[in-house]
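So the structure is just underneath, and the comments pick up after that.
The values are calculated or read from the model by the stated rules, or taken from the named source; none is laboratory data. These numbers were taken from a predicted model, which means no experiment stands behind them. Note: ideal-geometry Cβ built from the backbone for every residue, glycine included; neighbour counts use all protein chains shown. Just the protein is used for accessible areas: all its heavy atoms, side chains included, with ligands, DNA and RNA removed. Shrake-Rupley method; radii C 1.70, N 1.55, O 1.52, S 1.80 Å.
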Amino acid sequence: HASEDIVGVLRARIGDARIAIQRGNLPKAEQLLDQAINDSGRHDLADVRSAALHERAGVAFFRGDYERSVRFAYEAMITTTSARERDRMLNDLATAFMKLGVLSAARDAYLVLTVTAQEQYLRWAATISLMEIAARAGSETLFERYRRELAAFSLPPMLAVDYHIQAGEGYQQLGRVDLACGHLQQALSVASEHSFNQVVFYVEEALQRVAAPVAPTT
């Protein structure tokens, strides 16, 4: 404020909002981000406004307000000048569409990312999401295509866990219980090795669901 560095003030406000999000104080984060969005718009600071909109999309997502998350993420994406940030915003947009059940829009966004994303990590993550969409749509052919594509790479640990979880849950949806158990066991092994404790709990519960007998229909 003393140096009249408006960009610095607004970026600090966005950083303060991120801390509030991490602490679970979503109302404070919303207040800070809404101020940053308004002030950056008034000063015609497109990249700062885009960053604030992206964080605001995240807050809406955490609240379960996926429609607003889509709107904020889309506005952030079309106003940023950073290609890498645009990729991340498109990924978040696709994830919100997934939560809304709009699988066609999510699939289109992830397909774009697999081809154009500058970061290999994001291309892999988008392909994992395409596996999930294919399984939910009952398309075993597409599911296997994406799964085999990812199996050819040595994925970073967290992505490797996510890959095996999606493969396991996808196979379960497709009725291939034996293959589902195998992938979930691999997910459990990697998660345990790297002390991803929350993921370990999730995978253990997923294994129980796969092993549970199906109740006969009457």
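State all residues of region 67-115 that are assigned to a helix (DSSP H, G or I), of a type in the set (S, T, Y) and under 26 Å from L45 (Cα atoms); if no residue qualifies, say none. The answer is S69, Y74, T79. Candidates A20, A94: the one that is closer than 19 Å to G8 by Cα and in contact with a helix residue (DSSP H, G or I) (Cβ under 7 Å, 6 or more places away or on another chain) is A20. I'd like to know if region 136-152 contains one or more residues that are more than 26 Å from V102 (Cβ to Cβ), charged (D, E, K, R), surrounded by fewer than 17 Cβ atoms within 10 Å (Cβ to Cβ) and at pLDDT 95 or above. Checked region 136-152: at least one residue is more than 26 Å from V102 (Cβ to Cβ), charged (D, E, K, R), surrounded by fewer than 17 Cβ atoms within 10 Å (Cβ to Cβ) and at pLDDT 95 or above.
Only one of these is free of Cβ contacts under 8 Å to residues at least 24 places away in the same chain and open to solvent by less than 60 Å² (accessible area, probe 1.4 Å): D65, D5. Name it. None of the other options fit; the residue is D65.
Between A206, A180, the distinction of being within 23 Å of P156 (Cα to Cα) and under 21 Å from the mean Cα position of the chain (by Cα) belongs to A206 only.
Looking at Q118, Q31, just one residue is of a type outside the set (G, A, S) and not in a helix (DSSP H, G or I), and that residue is Q118.
Criterion applied to G58, G24, G64 was being at pLDDT 90 or above and outside any helix (DSSP H, G or I), and the one residue passing it is G64. Would you please name the residue that is least open to solvent (accessible area, probe 1.4 Å), looking only at residues in region 88-116 that are more than 15 Å from Y74 (Cα to Cα) and basic (K, R)? Result: R107. Listed by first and then second residue, the pairs with beta-carbon distance under 6 Å, at least 6 apart or on different chains, first residue in region 144-157 and closer than 16 Å to G168 by Cα and without any contact (Cβ under 8 Å) to a residue 40 or more places away in the chain, second outside any loop (DSSP other than H, G, I, E, B) and open to solvent by less than 80 Å² (accessible area, probe 1.4 Å), are Y146/T127; Y146/L130; Y146/M131; R147/M131; R147/A167; L150/T127; L150/Y163.
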